Amino acid sequence: MSDEILDEITASEYKYGFTSDIESDKVPPGLNEDVIRLISSKKNEPEWMLEWRLDAFRTWSEMIEPDWPNVTYNKPNFQAISYYSAPKQTKTLDSLEEVDPELLKTFEKLGISIDEQKRLTGVAMDVVVDSVSVATSFKETLAEKGIIFCSMSEAIQEHPELVRKHLGTVVPKRDNFYAALNSAVFTDGSFCYIPKGVHCPMELSTYFRINEAGTGQFERTLLVADKGSYVSYLEGCTAPSRDENQLHAAVVELVAMEGAEIKYSTVQNWFPGDAEGKGGVFNFVTKRGICERNSKISWTQVETGSAVTWKYPSCILKGDNSVGEFYSVAVTNKFQQADTGTKMIHLGKNTKSTIISKGISAGKSHNSYRGLVRVGPRAENARNFSQCDSLLMGNQCGAHTFPYIEAQNPSAQIEHEATTSKIGEDQIFYCNQRGIGTEEAIALIVNGYCKEVLNQLPMEFAVEAQKLLEVSLEGSVG
Amino acid sequence: MIRINDLQARVEEKEILSGINLEINPGEVHAIMGPNGSGKSTLSSVIAGREDYEVTGGTIDFEGEDLLNLDPEERAHKGIFLSFQYPVEIPGVTVSNFIKTAINESRKGRGEEPMEAREMLAKMREKTALLEMDKSYLSRSLNEGFSGGEKKRNEIFQMAMLEPKLAILDETDSGLDIDALRIVANGVNKLRSEDNAVLVITHYQRLLDYIEPDFVHVLYNGKIVKSGDKNLALELEAKGYDWIKEENV
């Protein structure tokens, strides 16, 4: 019985496989200093930015792609990728009416109505399609509080001092192969600054979307929360289906100054590849935050997409009494591979971290948790609690856990719990007997299993995340 | 309501039911008793549609419909409820969320609209009170960390919420202390009506002190070997099952 159910569930097709027909301004494939100069000049960037990129490119040229993650894939040919693609729109837009109607249609297909989002949820969105932001809303409300929320390109033009001060301070150019590549070629992303003592009155949200065949997407996000401020940031993504692999190598940097709090939530649903494991997005992302005294950074992620994922949202707990949290649901199905987890680096005294990781593997996929908890010699009374659970569906998938613990201070308290379970036929039959069909039963059980993480998401996002879990794990009904 | 005719079933290669005949009419309470391994739980699982059991012969007719052709959830939509001997745990899913899903999925299966939130809430209050359950039950994870008695009470709570036509109580008395037994039995009795029926499956007679059966059947080696009224249960209690076994060697 279980085999049939699983076949059905794992046969679920990616719902968002379509391409929208928008004219693009695209640079020919290949990467060298000239391409970087071209990107920089197309974006009308200041000299320091170009130099920064070139320095990153030179560093990257000498690096080699890491092979320690527990994933196998054909390495991308970096000379076959086009590094810049922007919808042909040059002037800045003030309202949705000015947006390319084709683009709006795309959002419609995804079920994202910006108008509705605006009206009903009070979410300001900075929509990123193929690397260039085309619509920004609620800017005025935010501006009243002194909050800056704009595309990275705009920030480089309008707030160069802030960008220059913080860019690369959390994830340095030479941090790793993909971070270096991103630093050299990033085309856009989001920038956010919350002034001292300001509580951001709404959830800030960005929808990312890869749209152009063969273009890698190199997003750069920088979020700075000044002393005593608070912000909740939502990042959600979908991508159209493709035969060739698409590379996504984003960098996200968070700066939480003294007493600040940042909540960063992600729902990721990029094309995972088809039923044969063909195609799909390579998601090699570096996300990291730094916490000053008494501050807090909380990462929440629901990851259901991408063919290969390599991602460790991390916290450097530099200041005393700072807090880092990581809540994650990672779903792999069919031939997907994920090597994901977090790093909690305790440097300050009385620092605290919590890791709740829920992996779900189905089909022939492999799901690995890799986490590092490091307590530095000066970090008196550091505390960590980690819980890593794996849920297996069927008997052709794999779940792996690689926890690393390095404690250099004898007062550290580190707890690690791990479980592995399977959705039992007993559970499914019990639900069936109560009138709940098998697909709904699996959705119910999976949502229950992920509850601790889903509870961390803002309400409207949690609903979307639940839907995503269902879509990723169920066969299309009827 | 339900007519079971010459039902045969096996699990893997082993035959467990070898020709069961049983008819239950609306308003009736039937009890099936028998020693361990006689096929009692298999019978309840086959009626509910568990796929581990292969039906090799016979028919089950439920209100004019061939039950064996239906999926377990479709049988539930038609009004068949099984109180499990060993209810499963579903971590992170609250009792209220679970029962809400069950009710609305059943309604959907019957082509009805979902129950309104207010009505649902009122009904939950009423039924928790009926089973003398604390309201905090509703927000606990389904059966997780429940005591044996709490699990059984939760089964009857779900039965009260779903209002089935035929309720099968599989060893509902096992693991219950005398107070819980009284509460559970009281709950079942209050739900009895002219239109529904109850099939009580039990090893011991004591539950039948509280839920009085109209008919008692003795199951042995996959067959109903004796039927009678409630006095048969008392006789079994006094004499044990050995005389049944001797009669049926």
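Can you name every residue in the range B:1-29 that is of a type in the set (Asp, Glu) and in a strand (DSSP E or B)? Passing the criteria: B:Asp6, B:Glu15, B:Glu23. Screening A:Gln396 against (1) surrounded by fewer than 19 Cβ atoms within 10 Å (Cβ to Cβ); (2) under 28 Å from B:Val95 (Cα atoms); (3) touching a helix residue (DSSP H, G or I) at 6+ places or on another chain (Cβ under 9 Å) leaves a single unmet condition, (2). Of the residues that make up the range B:105-126, is at least one at the interface with chain A (Cβ under 9 Å from one of its Cβ atoms), surrounded by 21 or more Cβ atoms within 10 Å (Cβ to Cβ) and either acidic (Asp, Glu) or out of contact with any strand residue (DSSP E or B) (no Cβ under 8 Å at 6 or more places or on another chain) (or both)? Yes - at least one qualifying residue is present in the range B:105-126.
Does B:Gly187 count as touching a Leu at 6+ places or on another chain (Cβ under 6 Å) and surrounded by fewer than 22 Cβ atoms within 10 Å (Cβ to Cβ)? So B:Gly187 passes the test. Taking the range B:30-89 as the range and being touching a residue at least 24 places away in the same chain (Cβ under 8 Å), assigned to a strand (DSSP E or B) and more than 14 Å from chain A (Cβ to nearest Cβ) as the test, the residues that pass are B:His30, B:Ala31, B:Ile32, B:Met33, B:Val55, B:Thr56, B:Gly57, B:Gly58, B:Thr59, B:Ile60, B:Asp61, B:Phe62. Across the range A:326-365, the number of residues qualifying as in contact (Cβ under 8 Å) with a residue 60 or more places away in the chain and within 18 Å of A:Gln301 (Cβ to Cβ) comes to 14. All conditions in (1) in a strand (DSSP E or B); (2) open to solvent by less than 60 Å² (accessible area, probe 1.4 Å) hold for B:Gly149, with the sole exception of (1).
A:Pro272 passes every criterion in (1) outside any strand (DSSP E or B); (2) crowded, with 23+ Cβ neighbours inside 10 Å; (3) modelled with pLDDT of 90 or more apart from (3).
Considering only residues in the range B:90-102 that are farther than 26 Å from B:Asp195 by Cα and open to solvent by 10 Å² or more (accessible area, probe 1.4 Å), the one that is farthest from the other protein chains (Cβ to nearest Cβ) turns out to be B:Ser96.
Would you be able to say whether some residue in the range A:412-428 is among the polar types (S, T, N, Q) and either in a loop (DSSP other than H, G, I, E, B) or open to solvent by less than 10 Å² (accessible area, probe 1.4 Å) (or both)?
No: the range A:412-428 contains no residue that is among the polar types (S, T, N, Q) and either in a loop (DSSP other than H, G, I, E, B) or open to solvent by less than 10 Å² (accessible area, probe 1.4 Å) (or both).
Restricting attention to the range A:408-431, which residues are closer than 22 Å to A:Gly359 by Cα and of a type in the set (A, V, I, L, M)?
A:Ile414, A:Ala418, A:Ile423, A:Ile428
Evaluated against (1) open to solvent by 10 Å² or more (accessible area, probe 1.4 Å); (2) farther than 21 Å from A:Val267 by Cα; (3) more than 12 Å from chain B (Cβ to nearest Cβ), A:Ser386 falls short on exactly one condition, (1). For the range A:300-322, a residue qualifies if it is over 27 Å from A:Ala465 (Cα atoms) and without any contact (Cβ under 8 Å) to a residue 60 or more places away in the chain, and the qualifying residues are A:Lys318, A:Asp320, A:Asn321.
Please determine, by comparing only the residues of the range A:418-477 that are touching a residue at least 24 places away in the same chain (Cβ under 8 Å) and hydroxyl-bearing (Ser, Thr, Tyr), which one is nearest to the other protein chains (Cβ to nearest Cβ). Don't jump to the end; show me each part of the working.
To start, the set of residues in the range A:418-477 that are touching a residue at least 24 places away in the same chain (Cβ under 8 Å) comprises A:418-423, A:425, A:428, A:438-439, A:442-443, A:446, A:449-450, A:452-454, A:456-458, A:460-461, A:464-465, A:468-477.
With hydroxyl-bearing (Ser, Thr, Tyr) added as a condition, the list becomes A:419-421, A:438, A:449, A:472, A:476.
Details: A:Thr419: 10, A:Thr420: 14, A:Ser421: 9, A:Thr438: 8, A:Tyr449: 6, A:Ser472: 18, A:Ser476: 17 Å.
So, considering only residues that are touching a residue at least 24 places away in the same chain (Cβ under 8 Å) and hydroxyl-bearing (Ser, Thr, Tyr), the one nearest to the other protein chains (Cβ to nearest Cβ) is A:Tyr449.
Keeping to the range A:463-476, report how many residues are crowded, with 21+ Cβ neighbours inside 10 Å and either of a type outside the set (Ser, Thr, Tyr) or over 17 Å from A:Ser361 (Cα atoms) (or both). Result for the range A:463-476: 4.
The values are calculated or read from the model by the stated rules, or taken from the named source; none is laboratory data. This is a predicted model, so every value here is computed, not measured. Cβ sites come from the backbone with ideal geometry, for glycine too, and all protein chains shown count toward neighbours. In case anyone asks, the SASA skips ligands and DNA or RNA and just uses the protein heavy atoms, side chains included. Shrake-Rupley method; radii C 1.70, N 1.55, O 1.52, S 1.80 Å.
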